[in-house]
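Okay, structure first, notes after.
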Amino acid sequence: MFPNKHIEKYYQLCEETLSFSGFSWWIIDLEDDPDTFYCNREMCKTFSLDPSIIQHSVRKNHPIARDYYNNISTKKSAQAQHFFDGYNQLKKGIIDEYCNRFPYSQSVIGEASYFSSRVRALLRDDAGKARLLVGMIEPELTSSELYGRATVDSLTKLKSRPEFDSQLSFLTNLAIREKHNISLVICDVDDFKQYNDLLGHYAGDECLVQIAQAISDVCKRSSDITCRYDKEKFAVITYGNAHDALFLAHTLRERICAMAIPHPAKNNAPMTVSVGYCSTIPDANCTPRKLIEWAETALYRAQNNGGNACAQFEVVEPKERFVPALFS
């Protein structure tokens, strides 16, 4: 039944410790048989697998491995690639744990169900590559509409802050693996509190919606991920270099200023934004938090120079320093 002692040992351990209602788990031996996974009966029931056997084909039946494009109910190939790449990073030892939320097409009932998944390596070889994977899957009580809402900010229709965190983490890990540039741009609406206090929250919301639309209009490339970062702060993650980030920063500042939204506390001068950005080819020590710190530090520099400006934080190994790239 089992190809080796490792699979038998951990399968029995999971049977003893993970027998919860509605809880699915699986094991894959990447060394001896990477195209076979072993799972519990709950997973068979949930994903319509043959319950009379415990081993199944990864290629044909696994919901979060190699058959994303057939079984995962998503129309966006970039999202499917996100799932696929994260799983492969775990196998190669680039990350310790892979977590994601995914919809799964249930042909019997004609709609998608939604799940949370966590995967870890139980065993690794001397090079750090995974030998034995264990995964856990739980259903989420959500609908397609609620799943969409969780990733989109309700006011601006940009990506939400939780989705920003998820995307930045994924792209940072991907950039580390591929030795590729990643850039982060953060912009803050200048003196927005005064605008909001004088004209009211409804007018403030309308202002943010217009600014969000301008950001969307500028960031047309598939590599640009636009997000509402925090209240009147917006962020753009781009899988590109410092030139790309510089172009976005200046274009965003200029476009928003050109909208000429009058600010009542400034004699109806146009609303403006301050922009901070950073760009790097991250190494293994680089984290999403570090990218945020760099971009925010540059943002504060732009604000302290009067606002309506852009500033870059350039990463210079082994030290970090500012580059006073201020434009107004």
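Residue-wise test of (1) in the same structural domain as S21 (by TED's automatic domain parsing); (2) in a loop (DSSP other than H, G, I, E, B); (3) modelled with pLDDT under 80; (4) exposed (fewer than 15 other Cβ atoms within 10 Å of the Cβ).
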position	(1), (2), (3), (4)
R101	yes, no, yes, no
Y104	yes, no, yes, no
R118	yes, no, no, yes
L122	yes, no, no, no
A127	yes, yes, no, yes
I137	yes, no, no, no
T142	yes, yes, yes, no
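Condition test on A235, is it aliphatic (A, V, I, L, M) and in contact with a Leu (Cβ under 9 Å, 6 or more places away or on another chain)? It is true that A235 is aliphatic (A, V, I, L, M) and in contact with a Leu (Cβ under 9 Å, 6 or more places away or on another chain). Within the range 259-314, how many residues are touching a strand residue (DSSP E or B) at 6+ places or on another chain (Cβ under 9 Å), of a type outside the set (S, T, N, Q), under 23 Å from L208 (Cα atoms) and assigned to a helix (DSSP H, G or I)? Adding up the residues that qualify gives 8. Scanning the range 258-310 for residues that are under 22 Å from G204 (Cβ atoms) and aliphatic (A, V, I, L, M) yields A258, M259, A260, I261, A265, A269, M271, V273, V275, L299, A302.
Residues to consider are I237, I256; find the one that is surrounded by 24 or more Cβ atoms within 10 Å (Cβ to Cβ) and closer than 21 Å to N196 by Cα.
So the residue among I237, I256 that is surrounded by 24 or more Cβ atoms within 10 Å (Cβ to Cβ) and closer than 21 Å to N196 by Cα is I256.
Among the residues of the range 160-182, none is identified as among the aromatic types (F, W, Y), out of contact with any strand residue (DSSP E or B) (no Cβ under 8 Å at 6 or more places or on another chain) and at pLDDT 90 or above. Number of residues in the range 298-328 that are surrounded by fewer than 16 Cβ atoms within 10 Å (Cβ to Cβ), modelled with pLDDT of 90 or more and more than 14 Å from V273 (Cβ to Cβ): the value is 1. Quick check: anything in the range 263-272 in contact with a Gly (Cβ under 7 Å, 6 or more places away or on another chain), in contact (Cβ under 8 Å) with a residue 12 or more places away in the chain and under 28 Å from D197 (Cα atoms)? Yes. For the range 147-159, the condition of being at pLDDT 75 or above, under 30 Å from A203 (Cβ atoms) and assigned to a helix (DSSP H, G or I) holds for at least one residue. Taking L90 as the residue in question, decide whether it is farther than 24 Å from A175 by Cβ and either crowded, with 17+ Cβ neighbours inside 10 Å or at pLDDT 85 or above (or both). Spelling it out, it is not the case that L90 is farther than 24 Å from A175 by Cβ and either crowded, with 17+ Cβ neighbours inside 10 Å or at pLDDT 85 or above (or both). Within the range 171-219, the residues that satisfy the criterion of being of a type in the set (G, A, S) and under 16 Å from S160 (Cα atoms) are A212, S216.
The values are calculated or read from the model by the stated rules, or taken from the named source; none is laboratory data. Predicted, not measured: the structure shown is a model, and the values here were computed from it. Cβ: placed from backbone, ideal geometry, glycine included. Neighbour counts: every protein chain shown.
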